[in-house]
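This report concerns only the one structure given below.
The values are calculated or read from the model by the stated rules, or taken from the named source; none is laboratory data. Quantities reported herein were computed from a predicted structural model and do not represent experimental measurements. Here the Cβ is made from the backbone with ideal geometry for all residues, glycine too, and neighbour counts use every protein chain on show.
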Amino acid sequence: MLRTVGGPGTLERVPRLLIVHHTPSPNLQSLFEAAVLGASDPEITGIEVVRQAALSTTAADVLAADAYLLGTPANLGYMSGALKMFFDLIYYPCLDSTRGRSYGLYVHGNNDTAGAIRSVESITTGLGWVKAANHVLSTGEPGKTTLDACRDLGGVLAAGLMRA
């Protein structure tokens, strides 16, 4: 996204945080909302936060972003099919162009998130993305500590894009 800064005719690209999520449950909705709240903190300025469902996110969306926040349920020891489909569609078109970009991850599972984390880390390592903060892992209903951690994760990724 370009915006006018410093007067007429001066355009500058605004850094973009892309939140790619699969949110099929109330628990994941809570984590998603906390992450968006953190990324949209009024003290974090000069960035654009874009939220997109995993199944509607394209390679062009990923190429236009500067950092990524990923959200998924843990399904049968793996990330959601929706997030896997996202990765399948963007992997090769984005492989060389997005190396070194930051990402964060939040995962919710009924009792285990290890397989989902491992699967996402395997793909993000292949893409050359850099983990910006600890993953937020949640089982059962997310409590205040988990929601705060998710909010902080969104804030860390967004603040990392601010210009000094």
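Quick one: in segment 138-151, of everything that is in contact (Cβ under 8 Å) with a residue 12 or more places away in the chain and surrounded by fewer than 19 Cβ atoms within 10 Å (Cβ to Cβ), which residue is nearest to the chain's Cα centre (by Cα)?
Asp148
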Could you identify the single residue in Gly104, Gly100 that is assigned to a strand (DSSP E or B) and not β-branched (Val, Ile, Thr)? Gly104
Anything in segment 83-116 that is more than 18 Å from Leu127 (Cα to Cα), of a type in the set (Gly, Ala, Ser) and touching a helix residue (DSSP H, G or I) at 6+ places or on another chain (Cβ under 8 Å)? List them, or say none. Gly109
Considering only segment 125-132, I want to know if a residue exists there that is part of a helix (DSSP H, G or I), free of Cβ contacts under 8 Å to residues at least 40 places away in the same chain and loosely packed, with under 15 Cβ neighbours inside 10 Å. yes
Restricting attention to segment 62-77, and to residues there that are assigned to a loop (DSSP other than H, G, I, E, B) and out of contact with any Asp or Glu (no Cβ under 8 Å at 6 or more places or on another chain), which single residue is surrounded by the most Cβ atoms within 10 Å (Cβ to Cβ)? Ala65
If you go through segment 88-108 one residue at a time, do you hit one that is touching a Pro at 6+ places or on another chain (Cβ under 6 Å), among the hydrophobic types (A, V, I, L, M, F, W, C) and closer than 17 Å to Arg16 by Cβ? no
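Is one or more of the residues making up segment 42-61 crowded, with 23+ Cβ neighbours inside 10 Å, within 13 Å of the chain's Cα centre (by Cα) and in contact (Cβ under 8 Å) with a residue 60 or more places away in the chain? Lay out the reasoning, then the answer.
In the first step, residues of segment 42-61 are kept if they are crowded, with 23+ Cβ neighbours inside 10 Å; the result is 57.
Among the residues that remain, those that are also within 13 Å of the chain's Cα centre (by Cα) are: 57.
With in contact (Cβ under 8 Å) with a residue 60 or more places away in the chain added as a condition, the list becomes none.
No, because not a single residue in segment 42-61 is crowded, with 23+ Cβ neighbours inside 10 Å, within 13 Å of the chain's Cα centre (by Cα) and in contact (Cβ under 8 Å) with a residue 60 or more places away in the chain.
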Some residue of segment 113-123 being surrounded by fewer than 22 Cβ atoms within 10 Å (Cβ to Cβ) and of a type in the set (Ser, Thr, Tyr): yes
So, in segment 104-140, exactly how many residues are modelled with pLDDT under 95 and of a type in the set (D, E, K, R)? 1
Looking across segment 104-123 at residues that are in contact (Cβ under 8 Å) with a residue 40 or more places away in the chain and among the hydroxyl-bearing types (Ser, Thr, Tyr), the single one that is farthest from Ala65 (Cα to Cα) is Ser119
